[in-house]
Amino acid sequence: MIIQTIDYRKGAVKIIDQTLLPDEERIVRLTDVKEAAEAITCLRVRGAPAIGIAAAYAMLLAVEQLLKERLIGGPRYFFDRLDGARPVDAAGIGEIEIRETLVAARELISTTRPTAVNLFWALERMSSVAESAAPGPAALCARVAREAFAIHAEELEKEYAIGMNGARFVRSGMNILTHCNAGGLATAGYGTALGVIYTAVEGGAKIHVYVDETRPLLQGGRLTTWELKKRGIPHTLLCDGAAASLFSAGRIDAVIVGADRIAANGDTANKVGTFGLAVLCERFDRPLYVAAPWSTFDLGIPSGKAIPIEDRSADEVTSIAGKRIAPDGTAAYNPAFDVTPADMIAAIVTERCVIERPNLLKIKELTTA
Ligand code: MRU
């Protein structure tokens, strides 16, 4: 079972608006690159791999918009994931104009969210295929469409591989704690951290998942519970502050989380609160596993200190679900992510391999092999 978190159909990016879950499962069609940027900024689409796919689709959408504006009387839409990259008669448009559109879209999307490197990775991949595309507007359009659809399809394949590689850490009877949402909603549809759990369960493991609610935006309480319920996996929701007492009672066997950016030495940025869980794992001698596609590594960054951490609005902390809970004017500290040092991570599970006790040398060896 996969969740169609994001798609590109009939000239529009389609997403499940995650700000409305679990109350409403609304599919929103984004037809303008500015709408796509807003959807990423406001977490309508969220989670590092899904943000990467959304970034690639936003660049394609910018080209779609240009074609629609300029080829009046042409087809109703130009690109569709299921039709693949069909030939586009873009003869009425200059290649330079298409390239300028792609550059502008890249600039806009790169301002949306700073931490998940998958966003920048996808933008870079789209730009570099545009640069090396065969001459002519039609070839350029076809090339960027093919790349966006490839990014989406490849991400899903990677998630299944991550699930297979990570399932070895999950045994029947385990109680696993997860933070935020690293499932189908955060990815191409299957998941990374939750993908590991899904693969283990599909293989017959009977496990119980503890779900941190994940303040301030409650991705655990609203989204992970929604996914686990759909799959019939037993789970219990807890306030983030209750995790320590669960560890202390011996009720957590392992923690599995996703990642937004992994530095060259293995330091990992993920949803704020992950580092606190790593400290608990150390205190209570439990493993913390990170599951993420290789595209989440940022090898240009030597350590977690250089990972840009998104600061979000104080309102997210002083309110819950739009209702203010603190006195007007209360100052709030709201980093969206924190960094877990590599030496607190038992293993990073990727689609290529599992890196146990990650460090600079091990990661370097893998990248040069
Ligand atoms: O702010 P969000 O909801 O985009 O944060 C998401 C996370 O921190 C996830 O754990 C991470 O992106 C991995 S998703 C597979």
> Do you know which residues across the range 302-319 are in contact (Cβ under 8 Å) with a residue 60 or more places away in the chain and exposed (fewer than 15 other Cβ atoms within 10 Å of the Cβ)?
Replying inline: 308
>> Whether any residue in the range 30-48 is among the hydrophobic types (A, V, I, L, M, F, W, C), away from the ligand (no atom under 16 Å from the Cβ) and farther than 23 Å from residue 257 by Cα is what I want to check.
In response: yes
>> Based on this model, can you work out whether residue 237 counts as modelled with pLDDT of 95 or more, closer than 23 Å to residue 321 by Cβ, within 16 Å of the ligand (Cβ to nearest atom) and outside any loop (DSSP other than H, G, I, E, B)?
In response: no
>> For the range 76-87, check the following and say yes or no: at least one residue is surrounded by fewer than 21 Cβ atoms within 10 Å (Cβ to Cβ) and at positive phi.
In response: yes
> What residue, of 262, 309, is within 16 Å of the ligand (Cβ to nearest atom), within 17 Å of residue 46 (Cα to Cα) and hydrophobic (A, V, I, L, M, F, W, C)?
Replying inline: 309
> How many residues does the range 130-173 hold that are outside any helix (DSSP H, G or I), surrounded by fewer than 18 Cβ atoms within 10 Å (Cβ to Cβ) and hydrophobic (A, V, I, L, M, F, W, C)?
Replying inline: 1
> If you go through the range 304-351 one residue at a time, how many are of a type in the set (Val, Ile, Thr) and assigned to a helix (DSSP H, G or I)?
Replying inline: 2
>> Can you tell me which condition residue 195 does not meet? The list is (1) over 25 Å from residue 165 (Cα atoms); (2) touching a residue at least 24 places away in the same chain (Cβ under 8 Å); (3) among the small types (Gly, Ala, Ser), and all the others hold.
In response: (1)
>> For the range 116-138, check the following and say yes or no: at least one residue is of a type outside the set (Asp, Glu) and touching a Phe, Trp or Tyr at 6+ places or on another chain (Cβ under 6 Å).
In response: no
> If you take the residues in the range 269-291 that are away from the ligand (no atom under 13 Å from the Cβ) and closer than 25 Å to residue 316 by Cβ, which one is least open to solvent (accessible area, probe 1.4 Å)?
Replying inline: 278
> Pick from 133, 116: which is touching a Ser or Thr at 6+ places or on another chain (Cβ under 9 Å) and aliphatic (A, V, I, L, M)?
Replying inline: 116
> Out of all the residues in the range 10-23, is one or more open to solvent by 20 Å² or more (accessible area, probe 1.4 Å), under 30 Å from residue 232 (Cα atoms), not in a loop (DSSP other than H, G, I, E, B) and not acidic (Asp, Glu)?
Replying inline: yes
>> Quick check on the range 226-239. Is at least one of its residues within 15 Å of residue 47 (Cβ to Cβ), free of Cβ contacts under 8 Å to residues at least 60 places away in the same chain and open to solvent by less than 50 Å² (accessible area, probe 1.4 Å)?
In response: no
> Of all residues in the range 292-301, how many are open to solvent by less than 50 Å² (accessible area, probe 1.4 Å) and either of a type in the set (Gly, Ala, Ser) or more than 16 Å from the ligand (Cβ to nearest atom) (or both)?
Replying inline: 3
>> Just to be sure before I move on: is residue 323 away from the ligand (no atom under 14 Å from the Cβ), open to solvent by 60 Å² or more (accessible area, probe 1.4 Å) and free of Cβ contacts under 8 Å to residues at least 24 places away in the same chain in the structure I sent?
In response: yes
> Right, residue 217: among the aliphatic types (A, V, I, L, M), surrounded by 16 or more Cβ atoms within 10 Å (Cβ to Cβ) and part of a loop (DSSP other than H, G, I, E, B) or not?
Replying inline: yes
>> Here is a check on your reading of the model: is residue 29 of a type in the set (Lys, Arg), assigned to a strand (DSSP E or B), over 30 Å from residue 135 (Cβ atoms) and open to solvent by 50 Å² or more (accessible area, probe 1.4 Å)?
In response: yes
> Condition test on residue 264, is it surrounded by 14 or more Cβ atoms within 10 Å (Cβ to Cβ), over 29 Å from residue 249 (Cβ atoms) and under 20 Å from the mean Cα position of the chain (by Cα)?
Replying inline: yes
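The values are calculated or read from the model by the stated rules, or taken from the named source; none is laboratory data. These figures come from a predicted structure and were not determined experimentally. In this analysis, Cβ positions are derived from the backbone assuming ideal geometry, glycine residues included, and neighbour counts consider all displayed protein chains. For accessibility, only protein heavy atoms count, side chains too; no ligands or nucleic acids. Shrake-Rupley method; radii C 1.70, N 1.55, O 1.52, S 1.80 Å.
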